[in-house]
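Notes for the one structure printed next.
The values are calculated or read from the model by the stated rules, or taken from the named source; none is laboratory data. Bear in mind that the values here come from a model prediction, so they are computed numbers and not experimental data. Heads up, the Cβs are rebuilt from the backbone with ideal geometry, glycines too, and the neighbour counts pull from every protein chain shown. The protein model used for the area step is the full one, side chains on, heavy atoms only, and it has no ligands, DNA or RNA in it. Shrake-Rupley method; radii C 1.70, N 1.55, O 1.52, S 1.80 Å.
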Amino acid sequence: MMARRYALPAAGILTLLLAWELYIRVFNVPHYLVPAPSLIGRTLVEEWPTIQRNVGRTLVEAVGGFLLGNGFAVALAIWFVHSPAVQRTLYPVAVAIRTVHIIAIAPILVLLLGNGYAPKVVIAALISFFPTLVNMVRGLEAVEPSALELMRVLSANRRQVFFKLRLPSSLPFLFSALKIATASCVIGAIVAEWVGADTGLGYLIIVATFEFRTGLLYATTAVGSFLALAFFLAVVVLEKVVVRWKPETLPP
Amino acid sequence: MSTAGRGVSGAGAPDAAAILVEGVGMTFSTPSGPVQALTGASLAIKPREFVSLLGPSGCGKSTLLRLVADILAPTEGRIEVGGEPPGVARRRRVFGFVFQDSTLLPWRSTLQNVLLPLEIGGHARRDRAEALDLLELVGLRGFEAAYPWQLSGGMRQRVAIARALVTRPQVLLMDEPFGALDEITRENMNQELLRIWQATGTTILFVTHSSPEAVFLSDRVLVLGARPGRVKLELPIALSRPRDPAVKETVEFARHTAALRRALAGEARPE
C-alpha cells in the first residue's frame, strides 16, 4: 500500500529527470541554454547561501500577502452575507479588481508603495483575494434551508446562527480557496519582485537570466516551486486538523 | 424510566388544547402572483394526543406544521400552542421539531447535536446527563461520540428525535420524519416512536403521506385536501393501545386505511 502510494510517483519523477539528463548529454545541449538536472543540483548546493538569502524574503512576502488577502476576503464575505445591500454595492468593485491583470498592476503598485515589502505583499494579497471571497460567500450561503429552519425553531440569534451554523459549514469551501491561494501568493510575490526589488527569488531569477547563469535560474525556479508546495502542504495539514467531519455539500 | 413524565408541566388550564388552529389561511406571494396554500384550516389537539396530518404532496400539510412552529406566519386565523401564540411558545421551547432530513450538524458528534438546543438556550453543561438519558431512550447509548456520517438514516432520525426532546417540550411537531427511510427501518421507527411517545407523554402532531403509517401511530388522522389545502376528513382510529405491528394484519386496520385511501383517491381526481 505505502510502497505503491509513494514509489510510483517517485519512479515517475526519477524517470523524467533521467531522460532529461540523458538528452542533454547525448545531444550536447549547451548548459547555458538548458542545464542538466545534475548541474542544477550542483548549483543548488554551491549557490545555497545566495538562494537562502533570497528565499526568506519571498516567503515573508507570500505569507504576508496570503494573510492579508485571505483575511480581507473572509471579512468582506462575512459582511456580504449579513448585508445584501453591501454585497450588491461592493461585489462589482471586487470583480473589477479581479479584471486588472497582476502583471499590469505591479508597476503601478511599485510606483505607489516603493521598493520594499509593501508592493509585494499587496500584490500577493490581491492575487489570492478574489477566489477566497467568492468561495467564502458561497460557503456561508451553502446552508441547508432546513438547518436555518432548525435555528429558527431553536430561537437562535444572528450570532448563534453565524457561529454554530454558517461559519462551520463554510470551512470546507474556505480551505479549498486557501489551497489555491498558497501557490498564487508565491507567484504574486515573485512577479512583484521582477518589477522592482533587490532581494527575493524573483530578483534572483532576473539577475540569473541577464547573466546567463542558467543553472542558478533553474535552481531558483525549483526552489520557488518547492516553496509553493510546502505552503500548500501546510494548509492541507491545517485543514485536516480543523475539518474533521465529512462535509455534506462538497465544495467544487 | 428516568425520562417518564417529562414535558407534562406547562402553562395553560389542564383541559386546554395543546395545539389550537382556528380558521387559518396561508397565502404566499410569488413572482407569478399570490398562491393560496391553506384556507380555513381548523383543528384542536388535546394534550398527550397523537394526531397525524395526511395528504398528497402540495396539500399544505408541511405549511400547516410550519405555521404551528412559527417558522411561517399565517395570513389569516389564529394559532395557539400550549395556550400561547406560536412565537411565544417557540421562545419558551414549548415544542420540538423533527424534520424530514435529520438536519444534524455534520461537524458535531451525536451528543453535541443533542445538546445544541440547550447550548442555544444558554445552559448546556448541566444537562449532559439528561442528553445521555435521551440517547438511551432512543436506543443510541454508546454512539454519543459518533459523527452523523458514521450513522445510518434511521439512527440519524433517532438523534434528531432526541435533540427535539432535550428541551422537554410539551409538543413534538414531526414533518415526515421517516419519509426518507426504507420500509423495514420505517416500521421499526414507528414502533420506537410509539414507545418514546408513551415514555415522555408529549403531544405529537405528525405529518405523513402514508395511510398505514398514520393509522398505526395515531389517535386521530386528519386528511388534508389540496389547492387550497383544507381539512377534508377527520378519522378517529379505534384501535387499542399498545399497538404492535401485528395490528396491521387485522380487518379493523384495513378498514381504517381503506377509509383514508378513499378520501385521498377523491383528492387525486382532477376537479
For this session: Please find, within the stretch B:56-73, the residue that is most open to solvent (accessible area, probe 1.4 Å) out of those that are away from chain A (no Cβ under 14 Å) and either hydroxyl-bearing (Ser, Thr, Tyr) or within 14 Å of the chain's Cα centre (by Cα) (or both).
Result: B:Ser57
Seminar exercise, completed: Screening A:Asn70, A:Asn115 for residues that are in a loop (DSSP other than H, G, I, E, B), away from chain B (no Cβ under 14 Å) and either touching a residue at least 24 places away in the same chain (Cβ under 8 Å) or in contact with a helix residue (DSSP H, G or I) (Cβ under 9 Å, 6 or more places away or on another chain) (or both) leaves only A:Asn115
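Could you say whether any residue in the stretch B:45-55 is within 15 Å of the chain's Cα centre (by Cα), open to solvent by less than 40 Å² (accessible area, probe 1.4 Å), of a type in the set (S, T, N, Q) and within 14 Å of another protein chain (Cβ to nearest Cβ)?
There is no residue in the stretch B:45-55 that is within 15 Å of the chain's Cα centre (by Cα), open to solvent by less than 40 Å² (accessible area, probe 1.4 Å), of a type in the set (S, T, N, Q) and within 14 Å of another protein chain (Cβ to nearest Cβ).
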For this session: Write out, first by first residue and then by second, each pair whose Cβ atoms fall under 6 Å of each other, whose residues are 6+ apart or on separate chains, and whose first residue, in the stretch B:187-201, is in a loop (DSSP other than H, G, I, E, B) while the second is β-branched (Val, Ile, Thr) and at pLDDT below 95.
Result: B:Gly201/B:Val8
Seminar exercise, completed: Going through the stretch A:168-192 in order, the residues found to be facing chain B (nearest Cβ under 10 Å) and open to solvent by 30 Å² or more (accessible area, probe 1.4 Å) are A:Leu171
Seminar exercise, completed: Scanning the stretch B:151-163 for residues that are in contact with a Phe, Trp or Tyr (Cβ under 8 Å, 6 or more places away or on another chain) and either open to solvent by 10 Å² or more (accessible area, probe 1.4 Å) or not in a helix (DSSP H, G or I) (or both) gives B:Leu151, B:Met155
Problem set entry | Candidate set from the stretch B:87-112 (those that are more than 19 Å from the chain's Cα centre (by Cα) and closer than 20 Å to B:Glu136 by Cα); member that is farthest from the other protein chains (Cβ to nearest Cβ) | B:Leu111
Exercise. What is the one condition in (1) among the small types (Gly, Ala, Ser); (2) more than 14 Å from every other protein chain (Cβ to nearest Cβ); (3) open to solvent by less than 20 Å² (accessible area, probe 1.4 Å) that B:Ala129 does not satisfy?
Worked result: (3)
Exercise. If you check every pair at least six apart or on different chains, which have Cβ atoms under 8 Å apart with a residue in the stretch A:8-34 that is without any contact (Cβ under 8 Å) to a residue 60 or more places away in the chain first and a residue that is among the hydroxyl-bearing types (Ser, Thr, Tyr) second?
Worked result: A:Glu21/A:Ser38; A:Val29/A:Tyr23
Seminar exercise, completed: Over the stretch B:20-48, the set of residues aliphatic (A, V, I, L, M), without any contact (Cβ under 8 Å) to a residue 40 or more places away in the chain and over 18 Å from B:Ala226 (Cβ atoms) is B:Ala44
Exercise. Just to be sure, is A:Ile127 more than 13 Å from chain B (Cβ to nearest Cβ) and free of Cβ contacts under 8 Å to residues at least 24 places away in the same chain?
Worked result: no
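Answer with yes or no whether B:Arg141 is without any contact (Cβ under 8 Å) to a residue 12 or more places away in the chain and in a loop (DSSP other than H, G, I, E, B).
In short, yes.
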Exercise. Taking into account only those residues within the stretch B:133-144 that are open to solvent by 10 Å² or more (accessible area, probe 1.4 Å) and touching a helix residue (DSSP H, G or I) at 6+ places or on another chain (Cβ under 7 Å), which is nearest to B:Phe95 (Cα to Cα)?
Worked result: B:Gly139
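In the stretch B:218-238, what residues are part of a loop (DSSP other than H, G, I, E, B), surrounded by fewer than 17 Cβ atoms within 10 Å (Cβ to Cβ) and modelled with pLDDT of 85 or more?
Scanning the stretch B:218-238 gives a single hit, B:Ala238.
Working only within the stretch A:76-112, note down all residues that are among the β-branched types (Val, Ile, Thr) and part of a loop (DSSP other than H, G, I, E, B).
Across the stretch A:76-112, the qualifying residue is only A:Val100.
Just to be sure before I move on: is A:Val195 within 14 Å of chain B (Cβ to nearest Cβ) and either at pLDDT below 95 or under 30 Å from B:Ile71 (Cβ atoms) (or both) in the structure I sent?
On the way: within 14 Å of chain B (Cβ to nearest Cβ): no; either at pLDDT below 95 or under 30 Å from B:Ile71 (Cβ atoms) (or both): yes.
When the stated conditions are applied, A:Val195 does not pass them.
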For this session: Hey, can you tell me all the residues within the stretch A:135-161 that are among the aliphatic types (A, V, I, L, M) and more than 7 Å from chain B (Cβ to nearest Cβ)?
Result: A:Met136, A:Val137, A:Leu140, A:Ala142, A:Val143, A:Leu148, A:Met151, A:Val161
Exercise. When you go through B:Glu76, B:Glu80, B:Glu84 one by one, which is the residue that is more than 14 Å from the chain's Cα centre (by Cα), open to solvent by 20 Å² or more (accessible area, probe 1.4 Å) and within 14 Å of chain A (Cβ to nearest Cβ)?
Worked result: B:Glu84
